[in-house]
Amino acid sequence: MLFLIALLFAVMVPGQDVRFKGKTKYLHNARAVVVHSIDDSTKYVPETIDAMDRHGIKATLFISTEEDPAPEDRFFTQLQVRDLWPRLRKAVGDGHEIGSHSRQHSCKKPDDEAFCAAAYSEYEIAGSRDDILRLTQQPYVWSWCYPCGNCATYPFIQKRIAAAGYIVARNYPNELQNGHVRPDVQDFDENTMNAGYTQVVQHRNSARSDTVDLAALNAKFDEVYAKGGIYHFMSHPQWLDFGPQGFYESHLRHAGRKPDAWYVPMGPLYAFRSLRDRTEVKQESRNTFSVRNDLDKRIYGGTVTLEFAAPEGMAVRAGHDLLAELGQAPQGRWDMEYVRRDGGSLYVTVRPRTTLHFFQPAAPSSITGAWKLSYRTRNGLERQSTLHLQVDGNKVSGTLEGDRGKAPISDGVLEGNRLRLTILRKGNNDEVPVSCEGAWDGGVLYLRLAFPGADAIPAVGRLP
Ligand SMILES: [Zn+2]
């Protein structure tokens, strides 16, 4: 009888339980996706990336990796590719992807089976992949692009590309007929080893079908965006104009910074599809859910977004890390973990192979004290410091004391159990503001420290 009463009571307490509603179609529950890809190792690549970054566009940069070819062998002779690597490394850090465009970019017009068999060697396919892994911090090389659009239709070539670990290969149809068809692919391409795109945005003097009619380019974007599709446009930097008034940057401005679009390179997008489809969410107990898949973490290291119905005020831990609650704006990366509330839904974006714990943070009495704070830096170093907090009303003051000395706290606010403050660390000649937010739960502080220009890192504080 007591059991029955308890059961009845549990069922009748309204709004306390969490319910899994499903995986979202795109990351962040975005309504549409924007993908860009650019081809060739020319001196125009840095300027092109700069233009993308001004408008929040993320791209796959297809690079032919031969480091130092003889001058007569250089493709687009403006540059030796080794001069590009520092800028490419920065681009990877900023959320772009480096894809392979072979090592030497051999072309034959028209191609034939004998040419393809010889040109698609281990040296070109696996070698360029290894160059990218060696010369950038990228954990994997997902994407291939067929030089000159050659050989993309031969199944034995597609097999070689897949065997080297590439999960998607982009084509460039009809280049050999002095122009291109507009593939007009508006979703994932089912043939991932001969994958198309929506349209080209470039102007090659000899190519009759290239368009720089900005109204037509923008209208195609609008069509895909309105349908909630995947808008993938490709360009060759050597066939662009630059500057805010040119067609290229005007189109970037039109397609960029939509608050409900996901900006992502091609490889991570195709990896996301597998991640989304293969991840299973299982309720383990009342407010605990396991998130699992059997995919290779090196290839599928991104995040998925899970929609839950969860009462107001609920916080989420993935493993031991409290997930930061972020706003509506699209995130610049495909592997960040966070939660976002939208009405009655809580969108949880996490790397699978974790356990989610939903909890109502305990009501605060006081967080005044000397908290031992531990965290792991981006470089993998374990750090310990002491966070001295004093609370007066909802104002929080104090210092952070570590091996770099004492840093004062400013703008500290405690709202319910949620804490927000800024730590002013001394730089060389200035103060570096480290913003810090999180929650206090059951005597433990779960914080996220955001250094300027970097993703937030989790920190856990305990009173000794
Ligand atoms: Zn090319």
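Under 18 Å of direct C-alpha separation, and excluding same-chain neighbours fewer than eight residues apart, residue 23 reaches these lysines: 282.
Neighbour counts of other Cβ atoms within 10 Å put 159, 406 in the fewest-to-most order 159, 406.
Projected onto their three principal axes, the Cα atoms of segment 396-452 cover extents of 38, 19, 18 Å, largest first.
So if I place +1 on the C-beta of Lys and Arg and -1 on the C-beta of Asp and Glu, and nothing else carries charge, what would the dipole magnitude of the chain be about its Cα centre? I want it in debye, nearest 20.
1220 debye
In the chain, the ratio of gyration radius to Kirkwood radius, Rg to Rh, stands at 1.03 when only Cα atoms are counted.
Tell me, what is the percent relative contact order of the chain, built from C-alpha pairs under 8 Å that lie six or more residues apart? Averaging sequence separation for qualifying contacts and normalising by length gives 14 percent for the chain. Neighbour counts of other Cβ atoms within 10 Å put 381, 346 in the fewest-to-most order 381, 346. Per residue, the average separation of C-alpha pairs within less than 8 Å and at least 6 apart gives segment 30-269 a relative contact order of 29 percent. Cβ screening of the chain for cysteine pairs under 4.7 Å finds these without a partner: 145, 436. Excluding the site residues themselves, the longest part of the chain lacking any GluC sites (Glu not before Pro) in a DSSP loop with at most 14 other Cβ atoms within 10 Å is 313-464.
Ordering 251, 36, 203 by the number of other Cβ atoms within 10 Å of each residue's own Cβ, fewest first, gives 203, 251, 36.
Projecting the Cα atoms of 119, 381, 440 onto the charge dipole of the chain (Cβ charges, centred on the Cα centre) puts 440 farthest toward the positive pole.
No lab work stands behind these numbers, since they all come straight from the coordinates. Owing to the predicted nature of the structure, the values given are computational and were not obtained by experimental measurement. Glycine gets a Cβ as well: all are built from the backbone with ideal geometry, and neighbour counts include every protein chain shown.
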